[in-house]
Amino acid sequence: MDEFNSEREKLYNEVWKEPVTTVSKRYGISDTGLRKRCKALNIPLPSVGYWAKLKAGKSVEEKPELPPYIPAAPFAQDEVLYGNPGGQKYKLYPLELISFEDFTIDELRSFSPLEIMKQDYRIAFTDWCNSICVPMRANSYHKLIISHMEEIEYRQKRDKEYPLGESQRFSSLFSNKIAYRDNKLTLSINVSLTEIKRAYRLINTLLLAFEAMNAAISVDDDRFERRRIQEDNACITFLDSKIYMICIESKSKRRYMLLPDEHRPFKPLYEEIYDGKLILKFSINKWDFRSYGYYENKIVETDNISFIDSSDKSLEDRIGEIVYSLVVACCKNKLDNTIEEKLYYEKQAYDDLLEKTRKDEEIRKARKIAHQQKLNDLINDAKSIAKEWFLYKTLDDFILELEAYVYQCQDKTEIEYLSKYIEILKQNVNSKKPVERIIQQMKELKEFED
């Protein structure tokens, strides 16, 4: 922290001793970038016209005291991005998003992309983007840039050693000092040698900025699963998006200069030459939320963004804008995916409810048909039940009369046989009792009632 305060105080004294344009050159950044850093560090700057008045001998404002440094929430004081001759810091707290469950689909549709961030984080993120800048000299590079340097160096040596290509590796006519291998995937940077270091610094700043937001960065090219040959690329995985980045240098046409012994009386010839203008191209793709399975990962291209050097602003001056635009695009994909997911599951729940209602209706109709069938059976069985009822009553009366006769009888043998006969009749009558049959049919009918 003492080092931070001393660097801050040093910068404060420098901007009040010399113009910002002079100090910025010493730090290898633009004057606009230095002003942004001073603002982020709460360092007051001289007002417009201060140095002209001072040079003309006119009275100028007094140098104010250095106010205390107040870091922008939610970032810690020693994690705020600021510029210094030794390098830059890019660390952020993990991305803080709102709870999507707390909002309806209509409310989410009214959100702007960055509104999926919590309010405090959104404000701090915007200030952080404004403070990002590209150094004129990089003390160290991202591992993917180092890998690119090594890979390009190998490719150049390999192509020089194997001018005939892969077939030459099996020929005994050549003595090859370099082992042949296929290209390894690396960053896609296609610029001239004069602009390569500048391209490295730009891409290094972008990669560090996204890593500060816990984005995953690789050179895997899985946009087309069935493609046989993959291309060099930089893939940034952030939120629900994959950002594929390439860096190229634009070319301008220049009239071809003929040699003295060349005679071309026809149309003038032109050649394309690098013109020093770098272009950053980004292809932004989002995950299909319904395909998170191991074998079903599917991405859909949603946007293409390009940034090019201009006479008004270089890519270095727009680095904060580039990071901001890419994050906005990723937040938009996250918001769209969330809305689509909510709509999908709402529709799925509605379809499930319709299916359940349909099945319940089918069951209700089946029960109604079964109830009617049981009712018809009950009505049709009424005649047979009535016959059984009258037969039962006749037998019951007959048994009562036989029991009365036995009660008065004196002959033991007659009593014995009649008693057995009566017992047989009772068993037969009880087995044909119609009341039990009626109750059983009514129970079955009740089971199919609504």
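The values are calculated or read from the model by the stated rules, or taken from the named source; none is laboratory data. Note that the structure is predicted; figures quoted are calculated from it, not measured. Quick reminder, even Gly has a Cβ in these numbers, built from the backbone with ideal geometry, and neighbours come from all protein chains shown.
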Flagged in region 106-143 as part of a loop (DSSP other than H, G, I, E, B) and loosely packed, with under 12 Cβ neighbours inside 10 Å, in numbering order, are 110, 112, 137, 139, 140
Could you check how many residues of region 341-392 are modelled with pLDDT of 85 or more and either hydroxyl-bearing (Ser, Thr, Tyr) or touching a helix residue (DSSP H, G or I) at 6+ places or on another chain (Cβ under 6 Å) (or both)? 5
Report yes if some residue within region 144-156 is in contact with a Phe, Trp or Tyr (Cβ under 6 Å, 6 or more places away or on another chain), in a helix (DSSP H, G or I), at pLDDT 90 or above and outside the structural domain of residue 34 (by TED's automatic domain parsing); otherwise report no. yes
Being over 30 Å from residue 131 (Cα atoms), of a type outside the set (Ser, Thr, Tyr), outside the structural domain of residue 103 (by TED's automatic domain parsing) and at pLDDT 85 or above is true for just one of 427, 408. Which residue is that? 408
Among residues belonging to region 394-417 that are over 22 Å from residue 428 (Cα atoms) and not acidic (Asp, Glu), point out the one that is surrounded by the most Cβ atoms within 10 Å (Cβ to Cβ). 409
